[in-house]
Every structure is written in C-alpha cells, then in structure tokens.
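Quick notes on the structure that follows.
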Amino acid sequence: MAPLWRGAVLFRVGTFVFATMGLLLHQSEYQRQWLGWLVLGVMAGWTVFTAYAYSRESGRRAPIVVVDVLLTLVLIGLSALVLDRGYLETPRPTITTVWGASCIVVAAIHGGQVGGLLAGGTNALVSFLVRGYFTIDIVRDTVMLIAVGFVIGMASTTARRSAMQLDQALRAQAATAERERLARSIHDGVLQVLSRVRRRGSEVGGEAAELAKLAGEQEVALRSLISAAPPDSSVDGEVDLGPQLQVLATPQVQVSVPATPVRLPTSTATELVAIAREALANADKHAGPDARAWVLLEDLGDDVVLSVRDNGPGIPEGRLAEAEAEGRMGVSRSIRGRVADLGGSLALLTAPGDGVEWEIKVRRGGTE
C-alpha cells in the first residue's frame, strides 16, 4: 500500500500549491481576506502533518484519516464566510479548491470503496451547501468526487488483497520448501530405519513381530504426514480441509479426500478435524483391535460432507442415551455439540454387527 500513500501525499502537496495560487489570484474578491489566509495556513499545517504521518506505517491509522476528512469538510464550509454570495454564485473556485478532494483519496486508500464513497459523498454535500444552488457544474463535480472515491477505493482494496495473496504464496512456498527438506531427511533416516525394523521383525517373529507391527504403523503414519500438503491459510481466513484429514491415515484408517482443495473457514475445519479424531478414537476403543475405519470427505458445492465409518460391532440401541445418563459425555459433547455449534447436521447409522457411520454435513456459508 505504500505507493498509494505516497501518491496521496503528492496529490495533497500539489493541490495545496494550486490552492495557494488560487488565493493569490482571487484574494481581492474575498469578503474576508484575513480568514482566507487563516484557512490557507491551516491547510499548510495539515498538509505538512499528513505528509509526515502518511509517509510512515504508524501514521496510516483510522483516527487520523477521520480527522482528515472532518477538518477538510470544516475548511470547505468556511468558504461561506470567506467569500460573499455573489462570488459563490459564480463558477470560480472556493478557498480550498481541489485540495478538498485530497481527503477523499486518503479515505479511499484506508477504507476501500466504502470509505471512498462516504468521503466523496459528504465532500460533495458540503460543497453543495456552501454554494447554495444546483447546476450542471455542481452535478458534474458531485459525480466526479464520488467516482474518484469509489475507483481509488477499489484500487486500494485490490492492491491490499494482491499484497496479502503474494505474502501468502511466499509463506506457502517457504513452508513447502522446508517440508520437502524435512521429508528428504526423514526418508533418508527415520523411514529407512522403521522399514528395516518392520522387515526384520516380521522375519524373526515372536515378540519382534509385535515391534515390527508398531514400526510399520509409524512408518505409514509418518509417510502420510510428510506427503500431506501444508495447511496454509488463505487471505479470507480459509484452509484446505483435505490435508488436515490426510494426516489421520494409519494402517487401520483409510482417508479419502477430493483432488481439488476443499476450503473452509479455519475454525470450521479445525472443528471437523476434531470430530473425525473423536469418531476414530471411539472406533479404536469400541470396535476392537482388528477393526478398520474409513474417513471420506465430499465437496458438494454449497455443502461439505464428512463421513467416518468403521466395521466394528456397532452401537446397541439406547447405548448412547445410557452413556449420557451415566455422565459419559464424549459423543454428546465432542461430536454432537461441535456439529451443533457449526450449525450443521449429524446422522448416525449403526446396527448390531454393521459398524458405525457418522455423517456430518455443514454449509460453507454458515448455518443451514
């Protein structure tokens, strides 16, 4: 944003020079010359202050911009006291001239289209009240002031968004490079050791076979972790849910996600991952050591569906209500509570011997 702020400072300085020339040329026609010079002095002081403030990151703050707009409107309004009615009824410039439009540029840079429109609209209104009449020239100036605020505000918003996207891309690139470096180191060391332990343990048998099984599980989990893309956040606070679910994969858990990113607000994605972890923890606890689980993520456009299924013995009818009555609130709080907070819907499909399937459906734009 620094180039836009530098442009605003140059615009203000240039328009102040123009306003000074206008006063020198028309001061003999002013009703109160002393007040005209006083207004010009305030304009000079404020131009110097804002040139310093807007040249620094710490000075580009909302309070200064608001004071800038209000002070400019007051100085424009003082033209009604500096100039007489006969002067104001002609198309000759007011005391502030185009210097008065510099606050619109500043408001648009800081506040985007909304800030530019508000500053341009109020500036045009005060200018009209000072003149006291409505002509085609007034209409033209009004349209130009509002258009300037909107266009510069749009440029400011676009520049800010582009800068944030560039920063995000650079951070993602750095994270990916570091991830690849770590992946090479892990592959050359840890993964090779785990793979060797798994093979040798299986060959030896006995207690070594149990160690081989554990080494194999950690090998799969580690490979899944280093192969998943980093969960980088986007400009609007969204993340790709897929990579965050992929790290849940183990030899007993299969994770399937779309090939394209499934972007959700960071808070929503975090809650869905927590729901999946809780469902898998329940499957690991109740489905038995040989049970398998599947995590499926579906992108339906406006909706996102997360399914977690296992092939365990299922949940007997009434068991969840009984557990809740006994004070065990794991499913109620960790799964149902989270889904309710997200404004989504939850379906539980289970029967004795048929395993358990949780289906969570949430809308991208909020509650259903």
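The values are calculated or read from the model by the stated rules, or taken from the named source; none is laboratory data. Since the structure is predicted, the reported quantities are computational estimates derived from the model, not experimental observations. When we count neighbours, we look across all protein chains shown, and the Cβ atoms used for this are built from the backbone with ideal geometry, even at glycine. Please note that ligands, DNA and RNA were not included when accessible areas were found on the heavy atoms of the full protein model with its side chains. Shrake-Rupley method; radii C 1.70, N 1.55, O 1.52, S 1.80 Å.
Could you list, in sequence order, all residues of the range 105-146 that are on the phi > 0 side of the Ramachandran plot and part of a helix (DSSP H, G or I)? Outline the logic, then answer.
Step one: of the range 105-146, the residues on the phi > 0 side of the Ramachandran plot are 112, 132.
Across the range 105-146, the qualifying residue is only G112.
One residue stands out in the range 156-177 among those that are over 20 Å from A2 (Cα atoms) and open to solvent by 80 Å² or more (accessible area, probe 1.4 Å): the one that is modelled with the highest pLDDT, namely R171.
Being touching a His at 6+ places or on another chain (Cβ under 8 Å), assigned to a helix (DSSP H, G or I) and open to solvent by 30 Å² or more (accessible area, probe 1.4 Å) is the filter here, so list the residues in the range 18-74 that pass it. Write out each step before concluding.
Taking the range 18-74 first, the residues touching a His at 6+ places or on another chain (Cβ under 8 Å) are 60, 62, 65.
Narrowing the set further to residues that are assigned to a helix (DSSP H, G or I) leaves 62, 65.
The one that is touching a His at 6+ places or on another chain (Cβ under 8 Å), assigned to a helix (DSSP H, G or I) and open to solvent by 30 Å² or more (accessible area, probe 1.4 Å): A62.
The residue that is farthest from T72 (Cα to Cα), among those in the range 104-119 that are surrounded by fewer than 24 Cβ atoms within 10 Å (Cβ to Cβ) and aliphatic (A, V, I, L, M), is V114.
Among residues belonging to the range 244-269 that are among the polar types (S, T, N, Q), touching a residue at least 12 places away in the same chain (Cβ under 8 Å) and part of a helix (DSSP H, G or I), point out the one that is least open to solvent (accessible area, probe 1.4 Å).
T268
Restricting attention to the range 75-95, the residues being without any contact (Cβ under 8 Å) to a residue 12 or more places away in the chain and not in a helix (DSSP H, G or I) number 1.
Selection of first residues in the range 128-154 that are exposed (fewer than 13 other Cβ atoms within 10 Å of the Cβ) and of second residues that are outside any helix (DSSP H, G or I), restricted to Cβ pairs under 6 Å at least 6 apart or on distinct chains, gives the following pairs, ordered by first then second residue: D137/P91. Condition check for I76 on (1) more than 17 Å from G115 (Cβ to Cβ); (2) of a type in the set (V, I, T); (3) at pLDDT 90 or above: one failure, at (3).
Looking at S102, S162, S156 in this structure, which one is among the small types (G, A, S), over 27 Å from the mean Cα position of the chain (by Cα) and part of a helix (DSSP H, G or I)?
On the way: S162 fails: over 27 Å from the mean Cα position of the chain (by Cα); S156 fails: over 27 Å from the mean Cα position of the chain (by Cα).
Every option except S102 fails the conditions.
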